[in-house]
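The values are calculated or read from the model by the stated rules, or taken from the named source; none is laboratory data. Bear in mind the structure is a predicted one, so any value in this text is a computation, not a measurement. Note that we place each Cβ from the backbone using ideal geometry, even for glycine, and neighbour counts take in every protein chain shown. Ligands, DNA and RNA are stripped out before the accessible areas are found, and what is left, the full protein with its side chains, is counted by its heavy atoms. Shrake-Rupley method; radii C 1.70, N 1.55, O 1.52, S 1.80 Å.
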Amino acid sequence: MYSITHSNMRQVIVGIESTAHTLSFGLVDMDGEPHNSYSSLFRPDEGGIHPREAADHHSDIASKLLRRMLSEENLHPNQIKGIAFSQGPGLGPCLRVGATVARALAANWNIPLIGVNHCVAHIEIGRNQTGCEDPVLLYVSGGNTQVIARAGDRYQVLGETLDIGIGNMLDKFARSQGIPFPGGPKIEILANEWLVKNPEADLEDIPLPYSVQGMDLNFSGILNAAQQRISEGHEIGAVCWSLQEHAFAACVEVAERALAHTGKNELLLGGGVACNERIRDMSTKMCIQRGDIASWPEKRFCIDNGTMIAELGRRMLNVGISTDMSLSSVDPSLRTDHTIVTWE
Ligand code: AMP
Ligand code: MG
């Protein structure tokens, strides 16, 4: 009689992402083949994201999302070989929801629990997807903006925002113009539409500050200045265009210096803002000039997603790393360079 044996049964690692606005379950096969994420984005009725409200959204939706993943992937719990979760950095109340669900599942199914660094997960899903080996990562997301590269046994932060994340800045500007969260995609559309109508546009007509400080960046000043340009009567499309040009050029400049400084020749984009065609285009142009290569994962793996958490969990488990329950508390201010990298 035919019976399902261990060797022909699909085995996976599940990942849970809950650092901020998104709760997401995702999975990878044991050989690193990534699969869909099952995600729900918290969208506040008004104002910014309140951590407690986002956490309530995550706990309300968690069991439904998990059941959806199991049924759509046709997965039985005995096929799940590990549960990875974002241990940090992020919003404490949101992180705790993901960690609690992960601990419960690991205990219930008697499988390893793997606490992972969210920023490092963006790098590993990017390496998985693009095949690049030793990249400089330009990580541009809602809450984070960092330029990261491997040095020794860590991913070191070579430059980063000193105030808010670039996505946060775009979302705040959008909100001040009545555009709901997430504002970044709509800003991209408005900028493109405006540029089509104004192909001769000159950035000097819509001046904004250029926010590079050494290898670091800041985005509060450019946000205030963009709002100022609107109150001076500039069209929203024009301001969106100038905002993208200035903010993205600043990020790409820091990334370029990181490539020059480290001698690496691959630039990887990650984070939700890496969905933007203009920052991709600027990165490609900069890399072509240097003889380097720019790449990025599919959009569903740029934004926060459970699959990238599963992929880093898989790599860690492969080299024998798992997280004891007693060490599984979340760390909202976990640094990228805190995590020792022992996997390939
Ligand atoms: P993450 O925090 O990585 O999940 O990414 C979410 C952030 O990405 C939000 O700030 C969005 O506004 C931003 N975002 C998503 N798509 C785009 C886009 N096409 N252009 C600019 N920003 C974007
Ligand atoms: Mg992220």
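Residues in region 303-326 that are free of Cβ contacts under 8 Å to residues at least 60 places away in the same chain and assigned to a helix (DSSP H, G or I) were compared, and the one that is nearest to R96 (Cα to Cα) is S326. Summed over region 161-171, the residues that are out of contact with any helix residue (DSSP H, G or I) (no Cβ under 8 Å at 6 or more places or on another chain) and surrounded by fewer than 18 Cβ atoms within 10 Å (Cβ to Cβ) give a count of 1. Restricting the first member to region 46-65 and to residues that are over 10 Å from C94 (Cβ atoms), and the second to residues that are of a type in the set (S, T, N, Q) and assigned to a loop (DSSP other than H, G, I, E, B), the beta-carbon pairs closer than 9 Å and six or more apart or on different chains are A62/S18. For region 258-290: of the residues being in contact with a Gly (Cβ under 8 Å, 6 or more places away or on another chain) and assigned to a helix (DSSP H, G or I), which is nearest to ligand 2 (Cβ to nearest atom)? Among them, the one singled out is G272.
Just so you know, in region 94-153 the residues that are crowded, with 24+ Cβ neighbours inside 10 Å and assigned to a loop (DSSP other than H, G, I, E, B) include one that is farthest from ligand 1 (Cβ to nearest atom), and it is P135. Once region 119-130 is narrowed to residues that are hydrophobic (A, V, I, L, M, F, W, C) and in contact with a Phe, Trp or Tyr (Cβ under 8 Å, 6 or more places away or on another chain), the residue that is nearest to ligand 2 (Cβ to nearest atom) is C119.
When M325, M308 are checked against the criterion of being under 12 Å from G115 (Cβ atoms) and not assigned by TED's automatic domain parsing to the domain that holds N276, a single residue qualifies: M325.
Closer than 26 Å to S322 by Cα, among the hydrophobic types (A, V, I, L, M, F, W, C), outside the structural domain of W241 (by TED's automatic domain parsing) and more than 16 Å from ligand 2 (Cβ to nearest atom): does that describe V116? Against the criterion (closer than 26 Å to S322 by Cα, among the hydrophobic types (A, V, I, L, M, F, W, C), outside the structural domain of W241 (by TED's automatic domain parsing) and more than 16 Å from ligand 2 (Cβ to nearest atom)), V116 does not qualify. Hey, any hits in region 227-234 for a residue that's assigned to a loop (DSSP other than H, G, I, E, B), surrounded by fewer than 16 Cβ atoms within 10 Å (Cβ to Cβ) and either in contact with a Phe, Trp or Tyr (Cβ under 6 Å, 6 or more places away or on another chain) or small (G, A, S) (or both)? Yes, that holds for at least one residue. Residues in region 264-308 that are of a type in the set (D, E) and more than 8 Å from ligand 1 (Cβ to nearest atom): 4 in all.
Would you check if A258 is open to solvent by less than 10 Å² (accessible area, probe 1.4 Å) and more than 24 Å from H21 (Cα to Cα)? Answer is yes for this residue. On inspection, L223 does not qualify as open to solvent by less than 10 Å² (accessible area, probe 1.4 Å) and assigned by TED's automatic domain parsing to the domain that holds A151. What are the pairs, 6+ residues apart or on separate chains, where a residue within region 204-219 that is over 16 Å from Y139 (Cβ atoms) and at pLDDT below 95 has its Cβ under 9 Å from a residue that is assigned to a loop (DSSP other than H, G, I, E, B) and open to solvent by less than 30 Å² (accessible area, probe 1.4 Å)? Every condition considered, the pairs that remain are S211/F219.
Listed by first and then second residue, the pairs with beta-carbon distance under 7 Å, at least 6 apart or on different chains, first residue in region 131-160 and assigned by TED's automatic domain parsing to the domain that holds G270 and within 14 Å of ligand 2 (Cβ to nearest atom), second at pLDDT below 95 and part of a strand (DSSP E or B), form an empty list.
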